[in-house]
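The values are calculated or read from the model by the stated rules, or taken from the named source; none is laboratory data. The model shown is predicted, which means the values in this text are computed figures rather than measured ones. Backbone-built Cβ (ideal geometry, glycine too); neighbour counts: all protein chains shown.
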Amino acid sequence: MQEQQTPTAPLAGMRVLDFSIMLAGPYCARLLADVGAEVIKIEPPEGDDMRLRTPLRDGHSAYFGQLNAGKRSLALDLKSAEAINLVHQLVAETDILVENFRPGVMDRLGLGYEALRAINPRLIYCSISGYGQSGPAAERAAYAMIVHAESGFDRSLMRYAGDRDRPAAGAIFVADVLGGVFGYSAIQTALVHRARTGVGQRIDVALMDCMLNLLVYELQEAQFPISAPRAAYGPVRALDGDVLIAPITPRNFAALCEVTEQSELANDARFKSVPGRGANWTAMMQVIEKWTERHTVRECMAALDQAGVPSAEYRDPSAALTDPHLLQRGAFTKVADGAGEFMGVNAPWKMSGASTSMQRDIPAIGAHRDEVLSRVLGLSGEAISRLAEAGAFGG
């Protein structure tokens, strides 16, 4: 529909209307912007609430920026008939729509799938919600932590922790990130389908279903219980911190025995086989800790890496920002808002023939109103002013 960014951007020429808020939907739409789509963020006149979330720098949210870099912003009052009419006109020129309201909200606004499909049969309409668009739980309110608890994810983590009798508190919103990634991948599939058939379709992503897909082992074990405990990977203590060691294969274990020179480890009958090591994992780690606690983390990592034993240092997230490997790989890119530059995290895939990095600019509220409406819809300055007077953009 229009040229944008670089010729190698896979979705250059695609247009997206992003009605989403919070995390899952905005992340999905930002991934589309990363690969070249023109993403127009439709937000209320006061702005997406995520603009107020910490960390804040001079009133600008880095959290919001991570999820919305590379988008254009068009602030609309969706209670206004004029604003809804504008959306209908934009839909006619759009390839993809992303929304993550509770089921029914978009329908009540006159922006449901059936209404918009009548305007543009090629539209790919992606809805991300807690429990999906249909079923007994569809209209329940749900944030990520709600489906973490209800899916069994939190209790699975509790079981692996070993020393807990209640699930731990958490603030890493796994379900939201998964919802964004699965929404993005479903959109790519729908684009291939549209290329073959000429028609768009509705995509229904449920955060609950996303979490169930994360529990690859646990849901099979729930059907076919086993008596032997499962290995739970955790820290062993070094002189100045903790490391994680994962001698999963026979080759890993043999290398570990060699590098630690622990006859107690090599000769214990409990550790002679893969099933034996799995059933006695905690005991095995206690033996290994007798070696690690005599060395610094750096010494442990150097020896284990040289021996080819899978291992890791437990680090704070800040360590990633200066990690030479991640910097060389291009895991981060500089993005910017009104408070200046900071590091954004790129999508985790690289492509040999295409650009997939985050775009630099984070939009201010409504910053692209005139540009979008004039370029996409051909509206004059006078027409835009009349819409403003009618309340399409808020009071």
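Are any of the residues in region 366-382 assigned by TED's automatic domain parsing to the domain that holds residue 45, over 23 Å from residue 38 (Cα atoms) and modelled with pLDDT of 95 or more? Please lay out each step first, then the result.
Of the residues in region 366-382, the ones assigned by TED's automatic domain parsing to the domain that holds residue 45 are 366-382.
Next, from what is left, pick out any that are over 23 Å from residue 38 (Cα atoms): 382.
Imposing the further condition that a residue be modelled with pLDDT of 95 or more reduces the set to 382.
The answer is yes, given that some residue of region 366-382 is assigned by TED's automatic domain parsing to the domain that holds residue 45, over 23 Å from residue 38 (Cα atoms) and modelled with pLDDT of 95 or more.
Remark: residue 297 falls outside the filter, which requires a residue to be surrounded by 12 or more Cβ atoms within 10 Å (Cβ to Cβ), at negative phi and touching a helix residue (DSSP H, G or I) at 6+ places or on another chain (Cβ under 7 Å).
The residues on offer are 331, 347, and the sole one that is within 21 Å of residue 36 (Cα to Cα), in contact (Cβ under 8 Å) with a residue 60 or more places away in the chain, under 22 Å from the mean Cα position of the chain (by Cα) and surrounded by 14 or more Cβ atoms within 10 Å (Cβ to Cβ) is 347. In region 214-252, the residue that is surrounded by the fewest Cβ atoms within 10 Å (Cβ to Cβ) out of those that are modelled with pLDDT under 95 and small (Gly, Ala, Ser) is 227.
Looking at region 310-323, is at least one residue free of Cβ contacts under 8 Å to residues at least 12 places away in the same chain, under 22 Å from residue 72 (Cβ atoms) and not hydroxyl-bearing (Ser, Thr, Tyr)? Checking region 310-323: not a single residue is free of Cβ contacts under 8 Å to residues at least 12 places away in the same chain, under 22 Å from residue 72 (Cβ atoms) and not hydroxyl-bearing (Ser, Thr, Tyr). The residues of region 378-387 that are surrounded by fewer than 15 Cβ atoms within 10 Å (Cβ to Cβ) and either outside any loop (DSSP other than H, G, I, E, B) or among the basic types (Lys, Arg) (or both), listed by number, are 381, 382, 383, 385, 386.
Listed residues 155, 202, 237; which is within 30 Å of residue 259 (Cβ to Cβ) and in contact (Cβ under 8 Å) with a residue 12 or more places away in the chain? Even if it seems obvious, please write down each step before you answer.
Details: 155 fails: within 30 Å of residue 259 (Cβ to Cβ); 202 fails: within 30 Å of residue 259 (Cβ to Cβ).
So the residue among 155, 202, 237 that is within 30 Å of residue 259 (Cβ to Cβ) and in contact (Cβ under 8 Å) with a residue 12 or more places away in the chain is 237.
Consider region 134-186 and keep the residues that are hydroxyl-bearing (Ser, Thr, Tyr) and more than 19 Å from residue 100 (Cβ to Cβ). The one that is surrounded by the fewest Cβ atoms within 10 Å (Cβ to Cβ) is 160.
For region 128-142, which residues satisfy the criterion of being within 19 Å of the chain's Cα centre (by Cα) and at pLDDT 95 or above? I'd like the intermediate steps shown before the answer.
The first filter runs over region 128-142 and keeps only residues within 19 Å of the chain's Cα centre (by Cα), leaving 128-132, 142.
Correct list: 128, 129, 130, 131, 132.
Scanning region 22-64 for residues that are within 19 Å of residue 98 (Cβ to Cβ) and among the charged types (D, E, K, R) returns 30, 34, 38, 41, 43, 48, 49, 51.
Rundown of residues vs (1) hydrophobic (A, V, I, L, M, F, W, C); (2) under 28 Å from residue 26 (Cβ atoms); (3) out of contact with any Cys (no Cβ under 7 Å at 6 or more places or on another chain), yes/no style:
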| site | (1), (2), (3) |
| --- | --- |
| 169 | yes, yes, yes |
| 177 | yes, yes, yes |
| 183 | no, yes, no |
| 222 | yes, no, yes |
| 226 | yes, no, yes |
| 245 | yes, no, yes |
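Annotation: of all residues in region 52-76 being surrounded by 17 or more Cβ atoms within 10 Å (Cβ to Cβ) and either more than 18 Å from the chain's Cα centre (by Cα) or not assigned by TED's automatic domain parsing to the domain that holds residue 28 (or both), the one that is farthest from residue 17 (Cα to Cα) is 60.
The residue pairs whose first member lies in region 99-118 and is assigned by TED's automatic domain parsing to the domain that holds residue 76 and within 22 Å of residue 199 (Cβ to Cβ), whose second member is buried (at least 18 other Cβ atoms within 10 Å of the Cβ) and among the small types (Gly, Ala, Ser), and whose beta carbons are closer than 6 Å, counting only pairs six or more residues apart or on different chains, are 99/20; 99/127; 106/112.
Does at least one position in region 314-322 carry a residue that is at pLDDT 95 or above, within 30 Å of residue 268 (Cβ to Cβ), out of contact with any helix residue (DSSP H, G or I) (no Cβ under 6 Å at 6 or more places or on another chain) and not assigned by TED's automatic domain parsing to the domain that holds residue 54?
Within region 314-322, the first condition is being at pLDDT 95 or above, and the residues that meet it are 314-322.
When the remaining residues are screened for being within 30 Å of residue 268 (Cβ to Cβ), the result is 314.
In the following step, the residues that additionally are out of contact with any helix residue (DSSP H, G or I) (no Cβ under 6 Å at 6 or more places or on another chain) were identified as 314.
Retained after the next criterion (residues that are not assigned by TED's automatic domain parsing to the domain that holds residue 54): 314.
Yes, the conditions are met somewhere in region 314-322.
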